Every structure is written in C-alpha cells, then in structure tokens.
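Heads up, the thing below is written out as structure tokens.
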Amino acid sequence: MSTILSVRDLTLRFHTFDGVVHALNGISFDVQAGETLAIVGESGSGKSVTMMSLLHLLPMPPARIARGEALFYTNGTPTDLLKMSRADMHRVRGAQIGYIFQDALSALNPVMTVGRQIGESLVMHLGMDAETARKRAIDLLDDVGIPGARARYRNYPHQFSGGMRQRAMIAIAIACNPRMVIADEPTTALDVTVQAQIVELAKRIQRERGMTVVWITHDLGVVAGIADRVLVMYAGCPVEIAPVDDLYDHPQHPYTRGLLSALPRLDDRSRRDLASIQGAPPDMMASPRHCQFAWRCPYVFDRCWKAVPPYYPAGKGHATQCFYDLENGRPRTDA
Amino acid sequence: MPETSADATGLLVDETPDRTFRQSLVYVGRLFWRDKTGLVGLIMFLMVVFSAIFAPWIAPYDPLQQDLRAAKTPPAWTEKGSFDHPLGTDNLGRDILSRIIYGSRVSLTVGFFGVLIACSLGLTIGLISGYVGGRTDNIIMGGVNLILSLPYLVFVVFIAAILGRSLLIVILIFAFTDIPIFVRITRGEVLRIRESGFVEAALSIGAKRRRIIFRHILPNLIGPLITIATFEMSAMIFYEAGLGFLGLSVPPSVPSWGNMLAVGRKYLTIYPWIATIPGLAIVFTGLAMNLLGDWLRDVIDPRLRRVKK
Amino acid sequence: MQRYILSRLIQSLLILLGVLLIVFFMLQLTGDPVSLMVSRNASPEQVQRVREEMGFNRPMMVQFADFMTGAVVGDFGMSLRHRQPAMKLILERLPATVELATVALLMAMVIGIPLGLLGGSNPGGFWDTLCRLAGLIGQTIPNFWLALILIVFFSVGLGWFPTFGRETCTVFGIHLPTRSVILPAFALCLFTTGQLVRFTRAAVLEIKNEDYVRTAYSKGIGDRQIYTRHILRNAAIPLISIIGVQFGYLLSGSIYIETIFSWPGIGNLLAEAIGNRDFALVQAIAFFASLTVVILNLLTDIAYGLADPRIRYGD
Ligand SMILES: Nc1ncnc2c1ncn2[C@@H]1O[C@H](COP(=O)(O)OP(=O)(O)OP(=O)(O)O)[C@@H](O)[C@H]1O
Ligand SMILES: [Mg+2]
C-alpha cells in the first residue's frame, strides 16, 4: 500500500472579530491509497475544517493556516496542497479529490438542474462536449441508484427526496473518477434506513472504483462497518489514530474510551451521539498549553496540565496523544 | 411579491444582554469610533439640528428681509460676490445663507414629527395586527399592502394639491403615508416572538401581555425602528423639498429649501446659484442621515457585527 | 405555478379596487370638490354650473357608482381644462414617459449591475468603495437638484444637450429617442442605479457564502464560471423583482424631471393639471399610474416565478 495523502502538523485559526478561534492544533495523519479512513469527533472538533482546508474551501479570511503541510501523492510525487496556486487547485478539486457535503439540499444549486450540476465538472476536467457529458451524467445518476435517471436528469434539486439528493451529491463527487473522495457526514441529515442505503452505496462505489475515502462522521456505529482506520479528534487535536478493530478493542485515549462506552447496544433506539460524556468541550479561543481533554478526563494527573501530549505509539499503526497508559493503568514513563 | 426594502434589511435583533446605562454608552461610543463614517454622519446631522435650533442667533440676516439693491448677488467665491452675503442673494435680495439656516427648521420639523407620528401609530397598529391576528390582521395588512403598492409620489402630490399648503398638512401627509412601513416591522417582530413559542410559555406562567410587550417585544424593536426612522426621516426631507419645488409644500412666504429651489429654478440659466446652493443643504442633510442610518444598520444587525473590519 | 399566478392576479384586482376607492374619496376629503376646481373668485353661478356639469350635485353614491362604471371601461370623465377625455390626454403623453423611464432603467442596469457584481466579488476593494459611493449618492442626491445641476453644466455651460423638450427622430415610422433624453434619463436613473448597485452587491456577498457555491468550487469550477453560472444566476431571481419595482418607480416618479426638462410626459401633465386645478385629470392620472405599477408588479411576479424553478415546478 502506498500513501496518497500525508498531513503534517496542520494548524489553522479563524481570526474573527470576537477573537482567534484555534480550530486545528497540529493535525497529523496519513491516508493510504484504497483505504477508508474515518474521522470521528463531536460537533465542532474540527473534522470538516481539516478536510476543507486541504482543498482551500474555507473562507479566507477569517481562516488562516498557521503552519503545516499536506502532501498529496501523484505517482509517488508529492505536492503540497496547502501551498498550491489557485489555478492548480482548480485542477485538483473534482478531478483528483471529490467532496461530498453534509446537507445536500443547501449544497446543490437550486436553480440548476441536477444533471447539469453533475455534467459541469465532466466538461471542465475531462473536456467532454455537452452531449457526452449528458450521457455520462445520466449513467452516473443510474449508478448511484436513482430510478428513471433519464427523466431525473432534468429535475431541480427541490424535486428530489432527501436520499436522492444525497445520491446526486455522491454522483457529483465521483463524476470524474477522483482518486480520493471526502465524505463529510453524508448521512447525518437522513433517516436511519436511508442512511444504511447510502453507506452501502458508498461501499459499493469504493469497491468498484478503488477509491480512497475519508469518511467524516460522529456516528461510531457507522465507523465499524465502513472504515479501515479511525482518526479521533477532540477540540482541534488528533487524540488517537488506529486500525478500526484495534481502536474498538483497545482504545488508548480516555476520550475514545468514553465514546465507545457511550455507544448504545443494538437494541437501544436512542441516538448514538458522542456528546454523552460528562462536561463540555473547551472553548478554542487560546492556543492549547496542555491536553485539551484534561478538564473532562477521569484519569487526569498533574502532567496533563503542563504540556500538550505528543503522539505515543500504542501498537501497530496505533498512536495516541495521552500521558496516561490506559492499557497498564498508570502514567507513561517517557522515552 | 418577495419582500424588499424595509424587511430585507434583516434588522431584527436578538435580545441584548442587560447592560448598565453607562456601559451601553461606552459601548456605543466605541462602535462610533470603529466606523468613522457613522461619526461623520452624526456630526453633520448635529450641525443641521444646531442651525435649526439656533437659527435666529447664527443667521446673519432676517431670512425674509428683502434688499433689492443687493438682489442676485452671486456667492462670495465668485468675481462679483462679496462677504456681505457669503452664499449670495436671491431674486429679491434675500440672503441665501440665512434662508438656508432657517429652512432647516421646516425640513427637520417635517422629518421629525412626520416620523414620530408614523412610528407611534405604526407601532400601535403593528402590535394590534400581530397580537389580535385573524380578521383584524388581514384587514390591516390589506391596507398596508394597498398603500405600499401605490405610486407614492403621485399620491403625495395628489393629496397635497387637494389639501393645500400648510406645515401641519405636509407633516400629516407624510406621517400617514409612512405608517405601513412601521406596521410591517412591528408586526414581523411580534409574529417572530409569537412563533418562538415564548409567548405561550410566558402566558402560561401568568405573565401579563403588557409585560411581554414591554419586556420582550419593544426592546427588540428599538434598534430596527431607530434605523428605519433615520432613513424615513431623510426620505421625508427629500419629499418635502420636492413638494416645495412643485409649489405644494409650506406657503411661499416661509423660507424652506424646497421653496428656495422653486424660486431659483426660474432663474436657473442666468443666476444658477439661487437654486443650486439650497440644493446642497438638502444633499448635506441627506448624506448625514444616510451615513448615520447605514452605520446604525451595521451596528444593530448582529450578523454584521461579527465580521472583523 | 398556475395557482401562484391566479393568487397574484386576485391580489392585483383587489388593490386596483382599493385604488379606485382612494382616488374617488380623496376628492371628497375637502367636503366640496367643486370649490377645489374653480378659481377663487368665481361667482356662485359659475360654481353651480361647474357643479352640474361635473355631476357633483348628485348623491355621492350615485357619483361613486358612475365613477366606478366609467373606470371599468377606462372612462375617467373630461378634463375641465382641455375639454377632452382624461384618458385620451394620458395616452397621448404615455410614449414620452415610457421612453424616459426605459432609457433611465437601461442606464441604471448597465451601470448598477456590473458595478454591484465587481464590488461584491471583492469586498473592501476599489470597486467596492465605488459601490458604496454609488449607493450613497443615489440616496443622498435628490433627482430634481441633480437635474438643475446637469442643466447648468451640460446645457447652459457646455451646450452639449438641449435645455428642455423632447426631440425624436423617426425611422420607418418608429420614434426613436435622441440625445434630448440623456440628461433627464440620467437625472432620473440616479436613485435606481444606487438601489441596483446596493442590491446586486448584497446579493453577491450573500450568495458567495452559500453552500452550493462551495460545492461548485469543490468540483474545480473556475472563478469566472462560478460567477456567471452560479452566483449571477441565483442573484438574477431577486434582481428581477427589484428591477420591476424600480421600473414602476421610474414610470410614476418622473414628475420633477419631466417638469424641469419640459418633457411632454405624464408627470408633466400631472403638474400642469394640478396647476390648472383640473382634478378630473389628476384623478385619472393617479389611477393610471397605480394601474401601471400594479400591472408591472404582476408581470414581475410572474417573471420571478418563471425564473425560479422552485416556484415554476412548485405545487
Ligand atoms: N467561518 C468560521 N469562522 C469562525 N470559526 C469557524 C468557522 N468555521 C468553523 N469554525 C470553528 O471551527 C471549529 C471546527 O468546526 P468544524 O465545522 O470543523 O466542526 P465539525 O467537527 O465538522 O463539527 P460538525 O460535526 O458539527 O460538522 C468550530 O469550533 C467552529 O466554531
Ligand atoms: Mg462538519
């Protein structure tokens, strides 16, 4: 397996009138070609911001990237997405990396037919003429499971149901066969049965096209079924990264453990939300000086208030930002 | 019809946290300082108010005093002008500067009382409309929409021509034709608060309706109303001058900016300053109020406040 | 869509009914409409004669019924002064007003919309400053004053344009505007230009932050296409209604400009009629102006519905 994306020390702030929001504090992770990486964390932890910043989709100002790099590999050659020019970025978006947004209703242009919105990037990146693009768009609609694709091509977004809009959104993101697709909570706004269908669709498409997927969610239940590896984020920090089974069996960060124990059993119909841990996330108006989870952590000790923990390796492909060795039930003795 | 103008400004504010009066004052001062255009507008407006109040003391001449020997003197900065009459004199030798200073009284009176009446009536009717709802609401809103879809200028001219020239009549015309705008804003706010389910909750714990109006609806309305009132006052000053220009506002003997324009127009090609200089006073006042209004809108709209300048 | 049009149609008819009521009863406001119309030193016999001639001696309800039936067939009685049907006089003056308003609207659109677009696409920049300035000027300079200034500079001073009047050149029987329309149209378009600038700029600023624009960017669409295909097209829908409203304003709001430039349009006719105390004509003009505005609003709403697929394919 080869690395397709390598993010290092990504630090991003929003300079707003009320002060500086430290949205991302040194995010580092790799994505391997062909895998599915899930990013989980509660609302506001910076999942969307992380991925959007890679494609320059955040409004700047107020957003400003303080440091870091994001190497995107094409045939083994890295290019830094963060330093890319506007024109180069236009060639990456859609063609190399597709983006599926959370709320398909507001993410689709209300006055343009769904078909044209799919066809737009085909014309743009693949140089198709209008007729070929139309045929291709209909195929895509068909492929994402929209019945009567030929007629639906001419519809406007408001004529679609919620699930169909999300499928159309997927069709837009995969239209040019990008190597990587970012799915930003594509199922949150849908009801449970439709959610399952969309997850199935995404899995199928990934299998068929061999795409790399970054799947953002706050639903750990979905993660188990879809991801190869998981990145857990808390208040703009990457607190743990691990292969999915390892994460479920041996969570190494108190936050992850809290999340997992808050997971309801299958027969429980309440919402599987991350917010069920005691306390509230910190405000992000200051640069972190210590572990951001310390306020809520049951294992907190003096060291946690003194420094931001570095990544500690905790098994194969498993790392965590915590001074406490959960496995052995004692503070880590440092190397 | 999609909502335009007044409502589209998005002026409805959420409840501001309680502040002491002094803190508010400091806060407002800081906001003025941040955006200097608001400050400039305020200063310009205060200058107009000042000249209206103290007209007899600052005007160099009696605005009605004719001096046929000095008639048609051009402004001081031209060749034939003199500093006896800095802005020149009109066809009857009346000092233009003095007439402009006195003219501000008419403009501000019309603007101030026009808006005051329109605002208080509009507020009352809007509260009734929003609270009582049902048929009353339908009838009131029918009237409001009717008036708002009339060609404003044509009707103002029409009514003014029928009712004749007097200050009171002019004020009343503007006041009554302006009520609908204030009705709409008030009603919108009442409905918004009602929809939030807050009123039912408050009523169910026994809060008096009057208390809800004074504690929750009016505080939210003050900001938007002040902003709208500023713009409406500026519009009324324009319309009053326009009516005067057509000879339909205050009697010709009263020095008002519109009347001055009407006189000057006849001499436009030979003695242009008689008409153009009073127009500058209108522009000055309009600029003052619009700068102030824009600033108020930015300050009061919480969405805009968050953007770092 | 049909239901949408039908409801707008009914609304318009109700408003017209209201307009007729207002126009009729406005004259009764002073108690005796006849005294308004005759000169102050008319003898009682003269007053009586006018009263009978105009039918003001009949019961008010009869007068009202008469007025309403006349209005339905477009008859607003005779102009006292011109001894001609009021509607005929209005229709004679209509082309001049339409010409002036159309040219003014075109000027406003050509200046206002691109300026607003440029300003909105780069807030805080040079064009944006120009936008704010244009918006402010439109609201702070009264058109009657600007008209006077324009005459002083361009007609009297430079002699580029005629001081007053309307000249047309006739090509194949069609009257085309000449340079005589430029000054009045420019003075008239000032406010509308400011409104269009403000509105376009605000719309662009708002739409720029919409999720679907971000989606378009995420597809790799270039800036130019983002503006033409996504932002402008969405901004165009609300712009339609602003333009409709503004055209109504231009058509009915040219009293000052037409008077100043002696432009032979309806606004001028209104000013004359008021000067002559010719209130039958004033009534007719007031109704006609309202009718124009109401029809224009109706057409605007329909155009709006056609432009917005959410309404076109709604219901
Ligand atoms: N335009 C902005 N201006 C200021 N702060 C912002 C802006 N956009 C995002 N933020 C801040 O960045 C942080 C991360 O936001 P982000 O949208 O990435 O959260 P998220 O993890 O995706 O949450 P959710 O699950 O709700 O989508 C939040 O604290 C948010 O307040
Ligand atoms: Mg998000």
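Could you compute how much accessible area chains B and C hide from each other, both sides summed, with a 1.4 Å probe? Nearest 100 Å² is fine. The partial results should precede the final answer.
Details: alone 16810 and 17230 Å², together 30110 Å².
So the total buried area for this chain pair works out to about 3900 Å².
Residue A:92: net charge of surrounding residues, Cβ under 14 Å, Lys/Arg +1, Asp/Glu -1, itself excluded? Don't skip to the answer; put the middle values down first.
Details: positive: A:83, A:86, A:91, A:93, A:179, C:219; negative: A:80, A:88.
It works out to a net charge of +4.
Classify chain A: rounded, prolate or oblate, from the alpha-carbon gyration tensor (a ≥ b ≥ c, eigenvalue square roots; a/c under 1.5 rounded; otherwise prolate if a/b is larger than b/c)? It would help to have the intermediate numbers written out before the result.
Working: a/c = 1.95, a/b = 1.61, b/c = 1.21.
Prolate is the answer for chain A, as a/c is 1.5 or above and a/b outweighs b/c.
Residues of the range C:134-158 that become at least 10 Å² less accessible with every protein chain present than in their own chain isolated, using 1.4 Å: which are they?
C:136, C:139, C:140, C:141, C:142, C:144, C:145, C:148, C:149, C:151, C:152, C:156
Per the helix-only calculation at 222 nm, which mean residue ellipticity applies to the protein assembly as shown, given -39500 (n - 2.57) for every DSSP H run of n ≥ 4 and division by its residues, nearest 500 deg cm²/dmol?
Values: 39 runs with 537 residues, N = 959.
That comes out to -18000 deg cm²/dmol.
Filter the chymotrypsin sites (Phe, Trp or Tyr not before Pro) in the range A:1-87 down to the DSSP loop ones having no more than 16 other Cβ atoms within 10 Å, then list what survives. It would help to have the intermediate numbers written out before the result.
On the way: sites: A:14, A:17, A:29, A:72, A:73; in loops: A:17.
Sparse-neighbourhood loop chymotrypsin sites (Phe, Trp or Tyr not before Pro): A:17.
Cα gyration tensor of the protein assembly as shown, axes a ≥ b ≥ c as square roots of the eigenvalues: rounded (a/c below 1.5), prolate (a/b > b/c) or oblate? Could you put the intermediate results ahead of the total?
Numbers: a/c = 2.30, a/b = 2.02, b/c = 1.14.
It comes out prolate by the Cα gyration axes.
Would you mind giving the total buried accessible surface between chains A and C, with a 1.4 Å probe and ligands, DNA and RNA left out, rounded to the nearest 100 Å²? Numbers along the way, then the final one.
Numbers: alone 15730 and 17230 Å², together 30610 Å².
Protein heavy atoms only, the A-C interface buries about 2400 Å².
Return the subset of A:83/A:306; B:80/B:266; A:83/B:36; A:83/A:203; A:203/C:219; A:135/C:208 for which the Cα-Cα distance in this structure is over 27 Å, preserving the input order. Walk me through the intermediate numbers first.
Values: A:83/A:306 33 Å; B:80/B:266 21 Å; A:83/B:36 37 Å; A:83/A:203 32 Å; A:203/C:219 21 Å; A:135/C:208 30 Å.
Long pairs (Cα-Cα over 27 Å): A:83/A:306; A:83/B:36; A:83/A:203; A:135/C:208.
Using a 1.4 Å probe on the protein chains only, how many percent of the accessible area of chain A belongs to carbon and sulfur? Don't skip to the end; give the middle numbers.
On the way: 7530 of 14350 Å².
In chain A, the share of accessible area belonging to carbon and sulfur is 52 percent.
Accessible surface of residue B:67 in the full protein assembly, 1.4 angstrom probe, to the nearest 10 Å²?
Approximately 50 Å² of residue B:67 is accessible to the 1.4 Å probe.
What distance in nm separates the simple spin-label points at residue B:37 and residue B:283, each placed 7 Å from Cα in the Cβ direction?
Taking the two extended label points, one gets 1.8 nm.
If you keep only loop residues by DSSP, which trypsin sites (Lys or Arg not before Pro) in the range B:52-118 have at most 15 other Cβ atoms within 10 Å of their Cβ?
Numbers: sites: B:69, B:72, B:80, B:94, B:99, B:105; in loops: B:72, B:80, B:94.
Those satisfying the criteria are B:80.
If I take R0 = 35 Å and measure r between the Cβ atoms of residue A:150 and residue C:233 in this structure, what FRET efficiency does the formula 1/(1 + (r/R0)^6) give, to the nearest 0.05? Don't skip to the answer; put the middle values down first.
Values: r = 24 Å, r/R0 = 0.70.
Computed FRET efficiency for residue A:150 and residue C:233: 0.90.
Nearest 100 Å², what total accessible surface is buried between chain B and chain A (probe 1.4 Å)? If you can, show how the numbers build up before the last one.
Numbers: alone 16810 and 15730 Å², together 32150 Å².
Using a 1.4 Å probe, the pair buries roughly 400 Å².
For the range B:30-304, give the percent of accessible area contributed by carbon and sulfur heavy atoms, probe 1.4 Å, rounded to a whole number.
Carbon and sulfur atoms account for 67 percent of the accessible area of the range B:30-304.
Helix C:2-28 versus the longest principal axis of chain C: what angle, 0 to 90°, nearest 10, using Cα atoms?
Approximately 40 degrees, to the nearest 10.
Separation between the residue B:46 and residue B:168 pseudo-spin-labels, each 7 Å from Cα along Cα→Cβ, expressed in nm?
3.5 nm
Which of rounded, prolate or oblate describes the range C:86-307 when judged by the alpha-carbon gyration tensor and an a/c cut-off of 1.5? Could you put the intermediate results ahead of the total?
Details: a/c = 2.41, a/b = 1.73, b/c = 1.39.
The shape class here is prolate.
Using Cα pairs closer than 8 Å and at least 6 residues apart in sequence, work out the relative contact order for the range C:197-315, in percent. Let's see the in-between values first.
Working: 75 pairs, mean separation 29.3, N = 119.
For the range C:197-315, the relative contact order is 25 percent.
Rolling a 1.4 Å sphere over the protein heavy atoms, what is the accessible area per residue of the protein assembly as shown, to the nearest Å²? Intermediate results must be reported in sequence, preceding the final value.
On the way: 43090 Å² over 959 residues.
Each residue of the protein assembly as shown exposes 45 Å² on average to a 1.4 Å probe.
State to the nearest 20 debye the size of the charge dipole of chain A about its Cα centre, where the only charges are +1 on K and R beta carbons and -1 on D and E beta carbons. List each step's numbers first, then the result.
Numbers: 36 positive and 34 negative charges, 125 e Å.
Using Cβ point charges on Lys, Arg, Asp and Glu, chain A gives about 600 debye.
Based on the Cβ-Cβ distance of residue B:132 and residue B:218, what FRET efficiency does E = 1/(1 + (r/R0)^6) give at R0 = 22 Å, to the nearest 0.05?
0.80
Compare the Cα positions of B:107, B:68, B:96 along the charge dipole of the range B:57-113 (+1 at Cβ of Lys, Arg; -1 at Cβ of Asp, Glu; about the Cα centre) and return the one farthest towards the positive end.
B:107
Measure off 7 Å from each Cα along the Cα-to-Cβ vector at residue B:58 and residue A:325, then give the distance between these two points in nanometres to one decimal.
For the pair residue B:58/residue A:325, the computed spacing is 8.2 nm.
Quick check for me: using +1 on Lys/Arg Cβ and -1 on Asp/Glu Cβ, what's the dipole size of the protein assembly as shown about its Cα centre, in debye to the nearest 20? Could you put the intermediate results ahead of the total?
Details: 90 positive and 76 negative charges, 95 e Å.
With only Lys, Arg, Asp and Glu charged at Cβ, the dipole is about 460 debye.
The values are calculated or read from the model by the stated rules, or taken from the named source; none is laboratory data. It should be emphasised that the depicted structure is a prediction, and the values quoted were computed from it without experimental measurement. When we count neighbours, we look across all protein chains shown, and the Cβ atoms used for this are built from the backbone with ideal geometry, even at glycine. Note: accessible area is taken over every heavy atom of the protein model, side chains too, but ligands, DNA and RNA are not part of it. Shrake-Rupley method; radii C 1.70, N 1.55, O 1.52, S 1.80 Å.
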